[in-house]
Amino acid sequence: MGTTTPQQEQALEKGKQLLKDLVAGQYEAIHGTFDKAMAEMMPVEGVSATWAQIQLQAGKFQELVSSKVVTQEGHDIVLLTLKFERGSLLNRLVYSPEGKLAGLHFAPKD
């Protein structure tokens, strides 16, 4: 990972912290990292409900399998592969140039 920029490293650390906060139920802390549009679109309760739904479908979170970061159009995109009891998910986090979370997505990982 020696080719990542300091800004990408910072985004990766933010992504890993977001995962720790999800597992610990620190939904308000996560919501505080959102950019304005994301905060309006997903209230704190939405963060909690999303994580609950993921665990309902995939089972209990087990571990972070891998992580990487890429930059597209000025946004740092953190990709976390997460292992759950019943399979793996790809967590895609999009950080704005200002370092705020602008996108949060979970999808099955084959």
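FYI, it's all coordinate maths here, none of it is from the lab. Predicted model, so just to flag it, every value in this text is computed and none were measured. Ideal geometry is used to build each Cβ from the backbone, glycine not excepted, and the neighbour counts take in all protein chains shown.
Calculate the length of the line joining the C-alpha centroid of region 68-103 to that of region 1-59, in whole Å.
Region 68-103 and region 1-59 have Cα centres separated by 9 Å.
Sorted from fewest to most neighbouring beta carbons within 10 Å, what does the list Arg92, Arg86 look like?
Lowest count first: Arg86, Arg92.
Over all directions, how big on average is the projection of the convex hull of the alpha-carbon atoms in region 6-109, in square nanometres? Don't skip to the end; give the middle numbers.
On the way: hull surface 23.8 nm².
Over all viewing directions, region 6-109 projects a mean Cα-hull area of 6.0 nm².
By count of other Cβ within 10 Å, fewest leading, how are Glu63, Glu73, Glu13 ordered?
Details: Glu63 9, Glu73 6, Glu13 13.
Ascending number of Cβ neighbours within 10 Å: Glu73, Glu63, Glu13.
Please compute the contact order of the chain in relative form: average sequence separation of alpha-carbon pairs under 8 Å and at least six residues apart, divided by the residue count, as a percent.
On the way: 171 pairs, mean separation 25.3, N = 110.
Result for the chain is 23 percent.
Applying a 10 Å radius around every beta-carbon, put 97-103, 39-45 in order of their mean neighbour count, most first.
97-103, 39-45
Quick one: His75, His105, His31, fewest Cβ neighbours within 10 Å first, how do they rank?
His105, His75, His31
Please list the non-local residues whose amide H lies under 5 Å from the amide H of Thr71, H modeled 1.01 Å from N, same-chain partners needing a gap of 5 or more.
Hits under the 5 Å cutoff: Ile77.
Please report, in debye to the nearest 20, how large the charge dipole of the chain is about its Cα centre when each Lys and Arg carries +1 at its beta carbon and each Asp and Glu carries -1 there. Walk me through the intermediate numbers first.
Details: 11 positive and 13 negative charges, 67 e Å.
That gives the chain a dipole magnitude of about 320 debye.
Once you've got the GNM for the chain with C-alpha springs shorter than 10 Å, pick whichever of Leu56, Leu22, Leu93 has the biggest mean-square fluctuation.
Largest GNM mean-square fluctuation: Leu56.
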